[in-house]
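Student: Mind looking over this structure? Questions follow.
Readers should treat all values here as calculations from the given coordinates under stated rules, not as data from a laboratory. In this text the structure is predicted, and so the values were computed from the model without any measurement. So basically every Cβ, Gly included, is an ideal-geometry build from the backbone, and we count neighbours across all protein chains shown.
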Amino acid sequence: MITVEHLTKCYGDFMAVNDLSFQIEEGHVYGFLGPNGAGKSTTMNIMTGCLSATDGTVRINGCDIFEEPRMAKKLMGYLPEQPPLYMNETPIEYLKFVGAAKGLKGKELAQQIEEVIDQTKIGSVRNKLILALSKGYKQRVGIAQALLGNPKVIILDEPTVGLDPIQIIEIRDLIRQLGKSHTVILSSHILSEVQAICEKVLIIAKGRLVAFDAPENLEKLRQSSNGIDFTVEALPEETEEILETLGISEGYELNEVETGLLKIHVKADTDDVRSVCRQLFFAFSEKQKAIVEMASKKANLEDVFIELTEGDDSLEEGEVEKE
Ligand code: ADP
Ligand code: MG
């Protein structure tokens, strides 16, 4: 459906998007997740033909966004971070204007307007001035304009930013509904949000793709960063032997603090970290080796996210990597 290859965007010598490649398949809800400044909006602006790229290609159903922008744009509806709403118009006037700009007219325009009003549930405010609407309703009007022209792909940049908790729930429900009939790509800097709505998550940091997976696999990544730190009165070879009896032959680190005293870190690739603690405790005590300190660490998904997005210290923010 959408193929992005080696996409790069420089603002002067600042590289906002750095060699981004990924594929979006039809019929799923995708999330761009990344801290502020990661390059999410820049990527979306390029994908939707609103911004030029420094390098790379974007193809929508085979149409190159730079070479056949009209064809490609027809396939996408876009809600930018700052929706271009005209405050002194009513939703109806605004949708007529946007629909006409998308080449709709007459009966078809009227019919589509009714459809998108229905889908986004803005019927009750259709004749009020946009400036008088709540942020939640303004966002719905923004989504309604993206839906005009019946695009296959809906791209929503930070659709829930600035909304109150009830509005957030409503907009998320609306996005899930849209996901049943469209390919949806949304961006967010909030992990739980992307987890709640998206089937596939692209984690973007400093303009690069650092992970692309289903939320449940990111969850596994979280589990794999669980671990236990303990200190035991034993020699390295005795410790290795005991760990071996528990089936732990890799994924641990030994650190000899002094002769006969070891600090050990064991990975616990499970959510039941306590049961691993218990096994370690009894295995060592059976061999008369005293554990004198023990602490378990359960990572949360935020930890994984921070690790993924801040882990790359080789590049300072904005620094351009030299080949
Ligand atoms: P995100 O949407 O993930 O928060 P953006 O794509 O808006 O990130 O921005 C990525 C980086 O590019 C940021 O560091 C931002 O300051 C920079 N940037 C965005 N637009 C411009 C611009 N027009 N000129 C210069 N730098 C920009
Ligand atoms: Mg943004």
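Student: How far apart, in nm, are two points set 7 Å out from the Cα along the Cα-to-Cβ line at S21 and at K105?
Tutor: That separation, rounded to one decimal, is 4.4 nm.
Student: Report the local net charge at K152: Lys and Arg +1, Asp and Glu -1, summed over other residues whose C-beta lies under 11 Å from its C-beta.
Tutor: Residues near K152 contribute 0 overall.
Student: Taking R0 as 30 Å, what's the FRET efficiency between H6 and E310 from their Cβ-Cβ distance, rounded to 0.05?
Tutor: 0.80
Student: Okay, moving on. Determine, from the Cβ-Cβ distance of R176 and N300 and an R0 of 22 Å, the FRET efficiency 1/(1 + (r/R0)^6), rounded to the nearest 0.05.
Tutor: For R176 and N300, the calculated efficiency is 0.35.
Student: Here's a follow-up. What's the extension gain from E67 to D118 if we count 0.36 nm per residue and subtract their Cα-Cα distance?
Tutor: 14.9 nm
Student: Take T231, T43 and order them by how many other Cβ atoms sit within 10 Å, fewest up front.
Tutor: T231, T43
Student: Return one quarter of the surface area of the convex hull spanned by the alpha-carbon atoms of the chain, equal to its mean projected area, in nm².
Tutor: Mean shadow area of the hull around the Cα atoms is 20.9 nm².
Student: Could you tell me which of the pairs K40/K298; K180/K298; K96/K200; K9/K105; K74/K107; K40/K73 are separated by over 25 angstrom between their Cα atoms in the structure shown?
Tutor: The pairs that break the limit, which is 25 Å between Cα atoms, are K40/K298; K180/K298; K96/K200; K9/K105.
Student: Return M1, M15 ranked ascending by Cβ neighbour count within 10 Å, so the fewest neighbours appear first.
Tutor: Final ranking by Cβ density, sparse to dense: M1, M15.
Student: Could I ask something else about it? Sequence gap at least 6, Cα distance under 8 Å: using those rules, report the relative contact order of the stretch 223-298 to the nearest whole percent.
Tutor: 50 percent
Student: Ranking L202, L218, L33 by Cβ neighbours within 10 Å, fewest first, what do you get?
Tutor: L218, L202, L33
Student: Taking amide H positions as placed 1.01 Å from N in the peptide plane, with prolines and chain starts having none, which residues 5 or more places from L156, or on another chain, fall under 5 Å of its amide H?
Tutor: L79, I185, L186, S187
Student: Would you mind telling me which residue in G103, G39, G136 has the biggest mean-square fluctuation in a Gaussian network model of the chain, where springs connect alpha carbons within a distance under 10 angstrom?
Tutor: Largest GNM mean-square fluctuation: G103.
Student: Determine, from the Cβ-Cβ distance of R278 and I169 and an R0 of 35 Å, the FRET efficiency 1/(1 + (r/R0)^6), rounded to the nearest 0.05.
Tutor: 0.30
Student: To continue, here is another question. May I ask what percent, to the nearest 5, of DSSP beta bridges between residues of the chain are antiparallel?
Tutor: Here the antiparallel bridges make up roughly 70 percent for the chain.
Student: Check which residues have an amide H placed less than 5 Å from T54's amide H, if you skip close sequence neighbours.
Tutor: For T54, the qualifying residues are T8, K9, C10.
Student: Also, I was wondering about something else. Taking the simple approach of a point 7 Å from Cα along Cα-to-Cβ for both L221 and K128, what is their distance in nm?
Tutor: Inter-label distance under the simple model: 4.1 nm.
Student: On to the next question. Helix-only mean residue ellipticity at 222 nm, the chain, DSSP H runs n ≥ 4 weighted -39,500 (n - 2.57), per residue, nearest 500. What is it?
Tutor: -11000 deg cm²/dmol
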